[in-house]
Every structure is written in C-alpha cells, then in structure tokens.
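Read through the structure below, which is laid out as structure tokens, and then see the notes.
The values are calculated or read from the model by the stated rules, or taken from the named source; none is laboratory data. Worth saying up front: this structure is predicted, and the values here are computed from it rather than measured. Here the Cβ is made from the backbone with ideal geometry for all residues, glycine too, and neighbour counts use every protein chain on show.
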Amino acid sequence: MISKHFPVYIPDATTGAVKSLSSQDLVDIGIEGVVVNTYHLLGNPGVNTLTKLGGIKNFMGYNGFVVSDSGGWQIFSLIHRSDNKGKISNDGVVFSIGETKNTLFTPEISIQTQFAIGSDIIICLDDFTPPDADAKTVLAGINRTVLWAKRSKQEYEKIVSQRGLSGSDRPLLLAVIQGGFYYEMRKLCADKLIELGFDGYGYGGYAVKDGLLDLELSKYIVDLIPNDKIKFALGVGTPHDIVSLSQMGWNIFDCTLPTRDARHGRLYVFNELPKSRQDLVNRDLYSHVNIARGLHALDINPISNVCECPICKNYSRAYLHHLYKIKEQAVLRLLTIHNLSMYTKLISYLRTF
C-alpha cells in the first residue's frame with residue numbers, strides 16, 4: 001500500500017538499504033516508503049533470490065511501501081553521462097559495466113524484475129536523455145520511451161492476469177514523461193502516454209538550469225497530467241523544490257540529496273519554525289550546517305535548536321564534528337537520521353498547512 005496521504009517523500013534504498021541506516025531506523029524516523037533500483041537488484045541479489053525470499057520487503061524487514069525505479073536513470077548515468085559505452089536501441093539497452101553487463105535489458109525484463117521485487121509502484125523503462133540533448137535526440141528518446149511504455153504495460157498486464165491480481169492487490173504502473181526543456185515535446189510525450197493509460201506519471205529527465213530546478217517547466221508538466229492520476233516528481237529535490245512542486249500538484253518526491261549530503265557532513269535545518277504555508281515557500285527558511293568545519297569544534301549547541309529529532313536532542317555539534325573528523329562510521333547514521341527527520345518534518349508541515 002502506498003501512503004494514504006500526499007505529499008510524501010521517500011529516500012533512495014537503491015540496493016535494498018538506505019546507506020548507513022537499518023530498516024528499523026526508517027520506521028523510527030517516520031519514513032513511509034523507499035525507492036529501490038530495478039537494474040541494480042537484477043544484478044544482485046537477482047530475480048531468483050528475490051522471488052525465493054518473498055520480495056524486497058521481506059528481505060529488508062520493512063513494511064513501508066516500495067517504488068522500483070525502472071533502470072532508466074542508469075541509461076543516463078551509465079551511458080549518456082559516462083565514458084562507459086553501452087548501446088541503446090528500440091529493443092532495449094546493453095550496459096558495458098555492472099553485473100548484467102553485455103546483456104540486453106528490455107522493458108519486459110524491467111517489469112518482470114519489479115514484480116519479483118514486490119513493488120507497490122512499478123515504473124516503465126524510459127530513455128532518459130541528457131539535458132543538453134538536441135531536439136532530434138530528444139524526439140528519438142520520446143518515441144523510444146513511448147514504445148517501451150507500451151511494451152511495459154503489455155508485460156505488466158500479462159503478469160497481472162497470470163497472477164490473478166485485481167484492485168488493490170495489483171501494483172500501480174507509472175510511465176515517465178520525457179522531453180527535456182522542449183515544452184512541445186513534453187506535451188507530445190504526455191499525450192501519447194496518457195492515451196496508453198497508466199495509474200500515474202513521472203517527471204522525467206534532468207530539468208535543472210544553473211543549479212536550480214526549472215519551476216516553470218515543472219508547472220507545465222504537472223498540468224498535463226490528469227488530476228485523478230498519481231504525479232511523481234522523480235529526483236526532486238531540495239526542501240524548497242519539494243514545497244514549490246507540492247503546491248503545483250506533484251504528489252511523490254524522491255531524492256538522494258538528504259542521505260548523500262549527510263554522508264558529506266551537509267545538514268539541512270529550518271532557521272525557524274514555519275507558521276504557515278507561505279513561510280515554507282520562503283527560501284530563507286532553510287539553510288545548511290557543514291559539520292566538518294572547524295568552527296563547530298567547541299559548539300555545544302545541537303545541529304538545530306528547532307529540531308526535535310533524536311540527534312538534535314542528544315548530541316552537540318562539537319561531538320558530531322569530532323566523530324566526523326576522526327571518520328567514525330557511526331556518525332554517518334546519526335547525520336542521515338537528522339536529515340531524513342528534517343524532510344519528514346517538512347512533509348508534515350505541508351500536510352498540515
């Protein structure tokens with residue numbers, strides 16, 4: 001079951017774990033769901049293991065909802081954005097690195113793997129083109145994304161029928177809207193995917209300019225999606241971006257920022273407690289603490305004086321700085337708990353105001 005309340009933020013548990021945290025930590029923080037990666041789980045532990053162990057939830061010992069990313073991000077990160085040469089065709093994609101390298105990864109294999117994962121939300125494989133791609137390349141990516149979505153849905157419906165799933169028993173199927181910074185191509189992709197019919201639609205591609213998310217494009221895309229469908233802002237984002245896109249109508253957010261930044265000592269804080277939704281929109285409400293900086297060596301204050309997470313209640317900046325400086329592994333867990341607690345509180349404010 002996915003969250004009964006929107007908006008919701010889910011952290012990345014790429015290979016079945018949020019780095020440095022236990023599944024019980026996720027429950028204690030109040031994390032309602034996670035996103036795992038289909039391509040990586042296909043390689044390790046593999047479909048046979050996942051099937052025998054009853055899916056990723058049993059494997060993790062976690063009862064929250066699970067979204068499985070299709071593997072489309074790897075097309076961008078391992079091929080488009082990398083020197084590692086792979087091959088993308090209408091048939092599927094062949095990666096040159098990883099445990100499944102030199103094997104054709106198809107939309108059908110992606111769907112089959114996601115059923116083995118036991119996901120609550122399954123995402124169709126998409127062609128994630130780079131942000132600087134020209135119009136011809138973007139159009140080719142759209143056509144491939146729509147083709148793969150059609151094949152994904154056919155495979156999904158076949159497995160649903162074979163397993164006798166219906167209603168709330170079946171996982172939801174989402175397609176991803178691509179099109180880069182080209183508005184007309186975003187509409188073209190959305191129209192074709194909506195015609196095929198899915199339970200929801202994702203914000204595809206990399207829509208960041210000069211370090212900031214393109215909010216105008218974000219609004220344009222969400223308005224293309226029917227209001228009775230789930231609207232998933234894939235890869236978003238910063239606290240301010242989550243607030244901004246939530247107000248536009250986006251429902252689900254996932255991003256590596258709070259967990260990755262925690263491992264680098266970058267901690268998210270509210271400068272003061274917000275009292276209204278308007279406060280949440282103000283960029284000045286948010287700032288960062290770099291716990292690696294020497295100025296924290298004698299600081300007896302918590303990370304944030306307005307945070308009620310267990311880390312802020314029990315540890316000083318000085319102690320956390322010390323742990324970080326000596327590279328004590330426990331600090332990664334403590335800092336990650338703080339950042340995810342901050343995001344959980346942000347979602348609570350969005351649901352309240």
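Before moving on, here are some points about what is shown:
- Scan segment 323-353 for residues that are over 25 Å from Ser244 (Cα atoms), in a helix (DSSP H, G or I) and of a type in the set (D, E, K, R) and the total you get is 2.
- Taken as a whole, the condition of being in contact with a Phe, Trp or Tyr (Cβ under 8 Å, 6 or more places away or on another chain) and assigned to a helix (DSSP H, G or I) does not apply to Leu320.
- Close contacts from segment 327-339, counting a first residue that is over 9 Å from Ala262 (Cα atoms) and a second that is not in a helix (DSSP H, G or I), with Cβ to Cβ under 8 Å and a gap of 6+ residues or different chains, come to Gln329/Ser20.
- Criterion applied to Ser168, Ser119, Ser70, Ser82 was being at pLDDT below 95, assigned by TED's automatic domain parsing to the domain that holds Tyr220, touching a strand residue (DSSP E or B) at 6+ places or on another chain (Cβ under 6 Å) and polar (S, T, N, Q), and the one residue passing it is Ser70.
- Just one of the listed residues (Ile117, Ile159, Ile123) is touching a residue at least 12 places away in the same chain (Cβ under 8 Å) and in contact with an Asp or Glu (Cβ under 9 Å, 6 or more places away or on another chain), namely Ile123.
- The residues in segment 1-39 that are at pLDDT 95 or above, surrounded by fewer than 19 Cβ atoms within 10 Å (Cβ to Cβ) and small (Gly, Ala, Ser) can be counted, and the count is 4.
- Considering residues of segment 20-43 that are among the β-branched types (Val, Ile, Thr) and not in a strand (DSSP E or B) only, the residue nearest to Gln329 (Cα to Cα): Ile29
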